[in-house]
Amino acid sequence: QVQLVESGGGLVQAGGSLRLSCAASGRTFSTYNIGWFRQAPGKEREFVAAISWRADNTDYADSVKGRFTISRDNAKNTVYLRMNSLKPEDTAVYYCAAHRGFFSVDVSNFGSWGQGTQVTVSS
């Protein structure tokens, strides 16, 4: 399995930007599809964005389309989530997760998870 560590969270004003990073250990990172999920207090974990292992396929939740961009650098074993035009409703703990095989955004398919990074957007 791959180990994942998120970073880049913080406090930002509405309309601002952040870039989250998901750093992975292991030489097989480039074979994993990676997803970003988020969980706000009192809410279920929800899908945000995902990228296939070859970066030839991406998907986004409707709520973040046009504002968030997922990308990866397999040479650095890192996946990024660029978040622009942030809104207070984007406030959550953001997690990256990994799975192999058929590209999927179903949370149940992701077997490896990071510890999360807090994103807080003030109004």
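Are there any GluC sites (Glu not before Pro) in the stretch 29-123 that are in a DSSP loop and have at most 13 other Cβ atoms within 10 Å? List them by number. Sparse-neighbourhood loop GluC sites (Glu not before Pro): Glu44.
Peptide packing: for 48-56, 12-20, the average count of neighbouring Cβ atoms within 10 Å per residue gives the ranking 48-56, 12-20, highest mean first.
How far, in nm, would the chain grow between Val5 and Arg82 when pulled straight, counting 0.36 nm per residue and subtracting the alpha carbon separation? Kindly include the intermediate steps, with their values, before the conclusion.
Numbers: separation 77, 0.36 × 77 = 27.72 nm, distance 1.62 nm.
Length gained, Val5 through Arg82: 26.1 nm.
Ranking request for peptides 100-109, 66-75, 21-30: highest mean number of other beta-carbon atoms within 10 Å first, then the rest in descending order. Intermediate results must be reported in sequence, preceding the final value.
On the way: 100-109: 13.0, 66-75: 15.6, 21-30: 17.2.
Ranked from most to least packed, the peptides come out as 21-30, 66-75, 100-109.
Subtracting the Cα-Cα distance of Ser25 and Ser104 from 0.36 nm times their residue separation leaves 26.3 nm of extension gain.
Every number here is computed from the coordinates shown, using simple stated rules; none is lab data. Note that the coordinates shown come from a computational prediction; the quantities given were computed from them, not determined experimentally. Cβ: placed from backbone, ideal geometry, glycine included. Neighbour counts: every protein chain shown.
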